[in-house]
1. For residues that are in a helix (DSSP H, G or I), of a type in the set (A, V, I, L, M) and without any contact (Cβ under 8 Å) to a residue 60 or more places away in the chain, tally how many sit in region 231-280.
2. Consider residue 178 carefully, then state whether it is touching a residue at least 40 places away in the same chain (Cβ under 8 Å), among the charged types (D, E, K, R) and within 21 Å of residue 264 (Cβ to Cβ).
3. What residue, among those in region 281-313 that are hydroxyl-bearing (Ser, Thr, Tyr) and part of a loop (DSSP other than H, G, I, E, B), is surrounded by the fewest Cβ atoms within 10 Å (Cβ to Cβ)?
4. I'd like to check something: does region 30-45 contain any residue that is crowded, with 19+ Cβ neighbours inside 10 Å and of a type in the set (Val, Ile, Thr)?
5. Could you grab the pairs with beta carbons closer than 8 Å, sequence gap of 6+ or different chains, first residue in region 197-218 and assigned to a strand (DSSP E or B), second one surrounded by fewer than 21 Cβ atoms within 10 Å (Cβ to Cβ) and basic (Lys, Arg)?
6. For region 109-156, which residues satisfy the criterion of being hydroxyl-bearing (Ser, Thr, Tyr) and crowded, with 22+ Cβ neighbours inside 10 Å?
7. Of the conditions (1) of a type outside the set (Asp, Glu); (2) closer than 30 Å to residue 180 by Cβ; (3) in contact with a strand residue (DSSP E or B) (Cβ under 6 Å, 6 or more places away or on another chain), residue 103 clears all except one; give me its number.
8. Quick one: how many residues across region 180-196 are part of a loop (DSSP other than H, G, I, E, B) and hydrophobic (A, V, I, L, M, F, W, C)?
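Laboratory data are not the source of any read-out in this text; all were calculated from the coordinates shown. The structure displayed is predicted, hence computed values, not measured ones. Cβ coordinates were reconstructed from backbone atoms using ideal geometry, including for glycine residues, and neighbour counts include every protein chain displayed.
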Amino acid sequence: MKKDTQLPERKKDHIRINLEKDVSSALTTRLERYHFIHQALPEMALEDVNLSQTLFGKHQPVPVLVSSMTGGTAEAARINRTLAEAAQEVGLAMGVGSQRAALEDPSLANSFQVRRYAPDILLFANLGAVQFNTGFGPMECLHAVEMIEADALVLHLNPLQEALQPEGNHDFNGLVEKIARIRRTLPVPLIVKEVGWGISLEAAQLLYNAGVDAVDVAGAGGTSWSQVEMHRISDPYAAHTAGAFVGWGIPTADSVRNACSIFKDKPVFASGGLKNGIDIAKTLALGASMGGMAGTFLKAANDSLESAISAMRMIVEQVRIAMFASGTRTLDELTLDKLQPID
């Protein structure tokens, strides 16, 4: 395992750029193609809406996920603690950023260790799948889970981002079989996610065949990591190369439909450009089990714990009201027939 000495600085850059720069995709999520069918007579009270479900054998109070973001620096430790405390208060699930840095340098582990601040939440560990081609394997996966007392492990896929990074890992050969091998040995559920360019039908089928327990589509329409990398790169030609991919990817709505058509009996998580609780509710109606957000929660957590709690409560309340106003009592009832496609 070769240590990446530039990794902590890269993580700092990612936080700074996401907070300071416009890194939006040129694509939309395509969720705007769907509107909820309003019910003037919902025949229920707002308090009748039940947002809870069971995921991986654990009670999940609300269908909202703090998408995997950060870790590995002092600033990331502060943000992760705030996110975890807020998630505990409101009932959200949470993923941490890639723990590769902490596996290479154990002194950084504390920036990911949020369980003491959030004892009850569904918490996801995180590693890059491409690291299996640089020496990582089942031991590192187990260590990542144990490091943060996680309920599941997320393996993220980011081929385009790696291709654009000057220091990126470009070898994505043989990852499907290696993911399948991890699934056979890992004692907790295994989730595979993209980082912002979506999941195709072909990718969904490969992951399902590999036995993964859930997929997070992380579709296009929100943060474009090609734009993030563009702002990091000092060489103008390499920066222009990255900038050309601002419109790349599979929109989130299409990615959810792709994944749900394959993962019919397993959870699909929706993320990528979700702006509010109505967007989350739309993805749930399209078949997802949870909707994840990153940028909204990152900005709030960077401000204060109070801001993070308020932002999370607002999003949850928007989901609740969308369900109420569409006459939907439970997540099981939140199905495609609640939506009107817009031509």
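1. 2
2. In short, no.
3. My answer is 304.
4. The answer is no, given that none of the residues of region 30-45 is crowded, with 19+ Cβ neighbours inside 10 Å and of a type in the set (Val, Ile, Thr).
5. Pairs found: 214/266; 215/266.
6. 111
7. For residue 103, the exception is condition (3).
8. So the answer is 3.
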